[in-house]
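Undergrad: Take this structure first; my questions come after.
Bear in mind that the values in this text are calculations on the coordinates, not laboratory data. Note that the structure is predicted; figures quoted are calculated from it, not measured. Cβ coordinates were reconstructed from backbone atoms using ideal geometry, including for glycine residues, and neighbour counts include every protein chain displayed.
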Amino acid sequence: MTGPDPAAPFRLAYVPGVIPAKWTRMWAERSPEVPLDLVQVTAGEAADQVRERGVHAALLRVGGDRDGLHAIPLYTEVSVVVVPKDHVIAAADEVTPGDLADEIVLHPLDDTLDWVSPPGRPALQRPDTTGDAVELVAAGIGLLVVPQSLARLHHRKDLTYRTITDVPQSQVALSWLEDETTDEVEQLIGIVRGRTVNSTRGRQPEPAQATKSEPAPAKAQAAKPRRKPAAPARRTQAAPKRGKPRRRG
């Protein structure tokens, strides 16, 4: 005789640069009966994976087509420019788009930043991926502006990065289908939002119907012990005053 089948896993997709390790540990502590399967997908695949029910939810970057999806913003990433270590920009603490005006700035097809107009001069061709663009930076062909998490993900010893201001920033969000907010999704929402185990927010079980019970007997009022009347104070007779002894005649 076989035992009961284990619970179906909850499938969570995540895009490169997002590190869900902390949240998966908390899931294992709070919902050990439901396995959590992590599925890494590209930034362009994440939303479609949710729509096609390949996964139950996704940690993705906000932008593009989000039709039919809920999205809870989690945090905003700092944007940085990736440069060779011997580049003049490496000597600065932070830069602006104006500092890149004379530089070739690569714009990969999987770029996650919502540019109106990318800074610098465009390359002859757009690299397919961010990883390809990083290789070109290392070859001295151009520079690259990405979220800081992607710069860390594609770290190389011959490259570095500096914060760039006044450019778009990437926002990471938890997303799922609008009409499928299940108990598992509510559990995940609570985890990524930092709710405690005892938080009253989210889905709650139906309250049990109250049953009538006999009223508790009134507490008997404890009798206060009577105080004995204080004994009257004894009066002491004052000793007679002694005068000078009379002399006998």
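Undergrad: As a test of understanding, state the convex hull volume per residue of the stretch 128-197 from its alpha carbons, in Å³.
TA: For the stretch 128-197, the hull spanned by Cα atoms encloses 164 Å³ per residue.
Undergrad: Separate question: With a ≥ b ≥ c taken as the square roots of the eigenvalues of the C-alpha gyration tensor of the stretch 1-75, please select rounded if a/c is under 1.5 and otherwise prolate if a/b is larger than b/c or oblate if it is not?
TA: Prolate, because a/c is 1.5 or more and a/b exceeds b/c.
Undergrad: Using only the Cα atoms of the stretch 117-166, build the gyration tensor, take square roots of its eigenvalues as a ≥ b ≥ c, and label the shape rounded, prolate or oblate: rounded if a/c is under 1.5, else prolate if a/b is larger than b/c, else oblate.
TA: oblate
Undergrad: Report the full-extension gain for the segment Glu29 to Ala90: residue separation times 0.36 nm, less the Cα-Cα distance, to one decimal in nm. Write out the running numbers ahead of the final one.
TA: Values: separation 61, 0.36 × 61 = 21.96 nm, distance 4.31 nm.
Result: 17.6 nm gained on full extension.
Undergrad: Going highest first, how would you order 105-118, 10-23 by mean Cβ packing within 10 Å?
TA: Highest-to-lowest ranking by the protection proxy: 10-23, 105-118.
Undergrad: Assign one of three labels to the stretch 37-140, namely rounded, prolate or oblate, based on the Cα gyration tensor with a ≥ b ≥ c the square roots of its eigenvalues; rounded applies when a/c is under 1.5, prolate when it is not and a/b is larger than b/c, and oblate otherwise.
TA: prolate
Undergrad: Pull out the extension gain between Asp65 and Leu38, defined as 0.36 nm times the separation in residues minus the alpha carbon to alpha carbon distance; nm, one decimal. Could the numbers behind the result be given before it?
TA: Working: separation 27, 0.36 × 27 = 9.72 nm, distance 2.26 nm.
Extending this stretch completely gives an extra 7.5 nm.
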